Structures are given as C-alpha cells and as structure tokens.
Amino acid sequence: MTFSAVVNPYQDRYAASLVGEPEISAVGGTREAAIAALRTEVAHRVGRGELIALEIEPIAVTDLAGKYRDDPTLDSICADAYRERDAESRPCPFSTPTF
C-alpha cells in the first residue's frame, strides 16, 4: 500500500502525518525517524483493520439532468411550485401603495 504523507519541522523535531488524516501522525528527532514512526503507526492501524480508503464517484448537477423525467409526481410538484411563485408575485391587496 502507498499513502501520501506530509513531513514538517516541529519544535526542533519532525512531525509526519497522512495527507487528509492529520490525526494519524508521528513525531521523531529526525525526518527519517518521524517517517519510520508514521510507517509503524499506519501498519498498526492497518493490522487492526482501522484504516480504509473509499473511492466515491462525484455527482455533478449535470448528472441529475433528466433523472426524474418519468416521475409521475414531477408534474404536480412543478404545478405547486409555479402556483406558489405566482401567489408571491401578486401585490397584496391590503398594502399601501407607494408613490
């Protein structure tokens, strides 16, 4: 397995952490020691079955186009929305006209 990690100087030492998982980290006196300690921590978590990677396909707005075209309730939902819109755009008969 390959994981991306970030190594930074930290209070006269080095800190290493997984990219996207800052709570999985280790500190060492040298850069190499920090990386080795992080490798040990990751191996420990993988051994316990705690570290997984999930790939999720992004859903863009365009992916939803036409998805509900055959939904029988779509016509009534649209009719209700247009009715509410039209009711909100009418002037209130009790409002005072402004000149």
Exercise. Mind listing which GluC sites (Glu not before Pro) in segment 9-66 are in a DSSP loop and have 15 or fewer other Cβ atoms within 10 Å?
Worked result: Glu50, Glu55
Exercise. Measuring from the lowest to the highest alpha carbon on each principal axis, how far does segment 5-48 reach, largest first, in angstroms?
Worked result: 32, 19, 12
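Hand me the trypsin sites (Lys or Arg not before Pro) from segment 12-95 located in a DSSP loop with no more than 13 other Cβ atoms within 10 Å, in residue order please.
Lys67, Arg69
Can you give the extra length, in nm with one decimal, that the chain gains between Arg48 and Arg69 once fully stretched, where that is 0.36 nm per residue apart less the Cα-Cα distance?
That pair, Arg48 and Arg69, stretches by 2.9 nm at full extension.
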For this session: Mind putting a number on the dipole of the chain about its Cα centre? Charges go on the C-beta only, +1 for Lys and Arg and -1 for Asp and Glu, and I need it in Debye to the nearest 20.
Result: 360
Seminar exercise, completed: Nearest 10, in degrees from 0 to 90: the angle of helix 74-89 to the longest Cα principal axis of the chain is 70
Exercise. Against the longest alpha carbon principal axis of the chain, how many degrees, from 0 to 90 and to the nearest 10, is the axis of helix 31-48 turned?
Worked result: 70
Exercise. Among Thr30, Thr62, Ile77, whose Cα sits farthest toward the positive end of the charge dipole of the chain (+1 at Cβ of Lys/Arg, -1 at Cβ of Asp/Glu, about the Cα centre)?
Worked result: Thr30
For this session: Enter the mean projected area of the convex hull around the alpha-carbon atoms of the chain, in nm², rounded to one decimal.
Result: 16.1
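Laboratory data are not the source of any read-out in this text; all were calculated from the coordinates shown. In this text the structure is predicted, and so the values were computed from the model without any measurement. All Cβ positions, even for glycine, are placed from backbone atoms using ideal geometry, and neighbour counts span all protein chains on display.
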